[in-house]
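Below is one structure, written out as C-alpha cells, with a few remarks after it.
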Amino acid sequence: MAQIKALFKLYEEDVLKNRFKGTVIGDIPEIGETSSSILKIVEIGSSNTLFELNGKALSIKFDTKLPWNTEEAKLTVLFSLTKLNKNTKECEVSCLVCGKIVNADKLDIAYTDEFITKYYKEGLDSLNKDIKTNVFFSDNNMDIIVVKSYPNSTTEYKIEGQRITLDISVEDGKWIIKKTRKVPLTKKHTNFLEYTVEIFDKINIKDATQAGVALDLIKQEDANGDTLLSLWKKYDQIESDKAKEEYNEIGSIPFKTIRHLRGTGLTRVRLNPNDTLRRNYYALKDELENSSFKMIHVGKEMSEDTRFFKVKKVNRDFIADLYDENYEIIDSGVFELSLIGDEIVHKRRARALRVFTEFKGISLKTKLLLKNVRLAIEGKADVMTNISRPYQKPITERTKKFLKDNLGHRIFLWTSPDNH
C-alpha cells in the first residue's frame, strides 16, 4: 500500500499552509518503526491540544492556535506527526484538510465473476496486491481510502487511489468492485474537498465469485475431513504411519554378501532378519521389495548417496538381490530400512496439497486455474471461473498434424483466433 505520507504529498501546497510547530507536554509515547504517524484528535484546549498516538495520550502546546475547534478537526482534518525531537520535545504537525473523515473498524470489498474474468483477460498478475498498492493508503496499523459519492445515489461510489480508481456498487450491504480504471486521485485540493476520507483498522478484499463462495465452503469441509483432498491427506498420514511401523518391525538387518553379480549391477546378499520379520515375511514382502536399504557400519569412507541400495527381490530364505551399480556393498555389515523414499513421497504430497489449498505466491492466472482444478476435484465444476484459453498456434506442422489426427475438429476450437 502507498503510505499515508503520499496523500499528504499530493496536496503538499495546502499542507504547507497548515503546519504547526509546538512542544510536547509530558511524556512522549514510545514510537517505533511500526508506529503510526497519524494523530487522532481528542480535544483542542485553550492552551494544549490532546491527541492519541498508537493508543497513548500525546499532549502538544502549539506556538500558534489551531484554526479549528475539536468537532471540526475530528470531521475534516488529518493530523500527522512529521517531526519530533525527543530531547527538546519540539515537534511539528502537518494537517491535511479533508471534505469529511469517517472512522470504522473494518471494511470488506469484494469482486464478482464478471470482474475477475475481465481482470484475467487484462493479464494483471496479482489482483489483491495491485489494488492494495495503487488504491489504498496505509499508516501501519490502519487502512485508508478516499471515496467520492455520486449525487442522489447511496449505492454507487468511486474509490480513488494513487494510480487506479475502483467503481463500487453496494449490493445487499456489500461493497462490490464493478470496474477498475487507470485514473488517479485528483491533484486539485479544491476537488479533494468533495471526497470522504475513510479510515479503517483493516480493509479486506474478498472473493465473492461463485468459485470463491464454493471454495470457502470447501475450506470448511476440509476442516471436517469431508473433501477428497482431506481424504488424500488422511491416506498420506496412514501411509506415513505404516512406513514407520514397518521400519520399527523390520529393524536392523545384519547381512553377508554372497557375490557381486557382475554385468548386472546387482549384488546378492544373505539377510539375517529378526524373528518378527521371519514370521511376517509374506505380509512385509511387498514393502521389502519396494524399498531401499541403508548400509550402516560400513567401515570405510562412503558418500551419503552411495549408502542406499534399492531392493530388487527378496525370497523366502531371505536371499536378496540389491541394485549396486558400482559394487560397493561390503562383505558383511548391517542394513536398515530406509524411509527416505516415503519421506520424499510425503513431502511431495504435502506440497501438492498446499498448492490446491493455499494458492499463495503465484500469479492470478495460475491461481484461477488451480482453483478451478480444486473445484473440479471436489465435484463443483459448474461454478468454476470462466477463463478463456488464449490463442496458441501449434509450434510445428508435426504438432498441428498430431493434434488434428487425435482431436479432429476440436483442435480448431483451441487454435483458431476466431474463437477467442
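Some observations on this one:
- Residue ID - surrounded by the most Cβ atoms within 10 Å (Cβ to Cβ), chosen from residues in the stretch 100-120 that are closer than 28 Å to residue 15 by Cα and either touching a helix residue (DSSP H, G or I) at 6+ places or on another chain (Cβ under 7 Å) or among the acidic types (Asp, Glu) (or both): 101
- Test: residue 255 is more than 30 Å from residue 355 (Cβ to Cβ), within 46 Å of the chain's Cα centre (by Cα) and not in a helix (DSSP H, G or I): no
- Look at (1) more than 43 Å from the chain's Cα centre (by Cα); (2) among the charged types (D, E, K, R); (3) modelled with pLDDT of 95 or more and you find that residue 71 fails only one, number (1).
- Residue match in the stretch 38-50 (condition: in contact with a helix residue (DSSP H, G or I) (Cβ under 9 Å, 6 or more places away or on another chain), at pLDDT 95 or above and of a type in the set (Ser, Thr, Tyr)): yes
- Count of the stretch 160-180 residues, restricted to those that are surrounded by 12 or more Cβ atoms within 10 Å (Cβ to Cβ) and free of Cβ contacts under 8 Å to residues at least 40 places away in the same chain, is 8.
- For the stretch 20-41, the set of residues classified as closer than 18 Å to residue 201 by Cβ, open to solvent by less than 70 Å² (accessible area, probe 1.4 Å) and not in a loop (DSSP other than H, G, I, E, B) consists of 38, 39, 41, listed by residue number.
- Taken over the stretch 335-354, the residue count meeting the criterion of being crowded, with 16+ Cβ neighbours inside 10 Å and assigned to a helix (DSSP H, G or I) is 4.
- The stretch 244-268 residues that are on the phi > 0 side of the Ramachandran plot, paired with ones that are assigned to a loop (DSSP other than H, G, I, E, B) and surrounded by fewer than 16 Cβ atoms within 10 Å (Cβ to Cβ) (beta carbon under 9 Å, 6 or more apart): 251/274; 265/325; 265/326; 265/327
- Condition met for residue 13 (in contact with a His (Cβ under 9 Å, 6 or more places away or on another chain), modelled with pLDDT under 95 and farther than 18 Å from residue 143 by Cα): yes
- Residue among 17, 56, 74, 86 that alone is surrounded by fewer than 16 Cβ atoms within 10 Å (Cβ to Cβ) and closer than 23 Å to residue 195 by Cα: 17
- Identity of the residue in the stretch 62-105, β-branched (Val, Ile, Thr) and part of a strand (DSSP E or B), that ends up farthest from residue 21 (Cα to Cα): 102
- Among the residues of the stretch 210-224, those identified as open to solvent by less than 50 Å² (accessible area, probe 1.4 Å) and small (Gly, Ala, Ser) are 211, 212, 214.
- Some residue of the stretch 122-130 being in contact with a Ser or Thr (Cβ under 8 Å, 6 or more places away or on another chain), at pLDDT below 95 and open to solvent by less than 20 Å² (accessible area, probe 1.4 Å): no
- Candidates are the residues of the stretch 258-292 that are assigned to a helix (DSSP H, G or I) and of a type in the set (A, V, I, L, M); the one that is nearest to the chain's Cα centre (by Cα) is 288.
- Of the residues 231, 215, 193, the single one that is modelled with pLDDT of 85 or more and over 30 Å from residue 141 (Cα atoms) is 231.
- Out of 199, 144, sole residue that is part of a strand (DSSP E or B), in contact with a helix residue (DSSP H, G or I) (Cβ under 7 Å, 6 or more places away or on another chain) and either open to solvent by less than 30 Å² (accessible area, probe 1.4 Å) or of a type in the set (Asp, Glu) (or both): 144
- Here residue 332 passes the criteria (1) open to solvent by less than 40 Å² (accessible area, probe 1.4 Å); (2) at pLDDT 80 or above except the one numbered (1).
The values are calculated or read from the model by the stated rules, or taken from the named source; none is laboratory data. Since the model is a prediction, treat every value here as computed from it, not as a measurement. Don't worry about glycine lacking a Cβ; one is built from the backbone with ideal geometry, like all the others, and counts go over all protein chains shown. These accessible areas exclude ligands, DNA and RNA; they are computed on the full protein's heavy atoms, side chains included. Shrake-Rupley method; radii C 1.70, N 1.55, O 1.52, S 1.80 Å.
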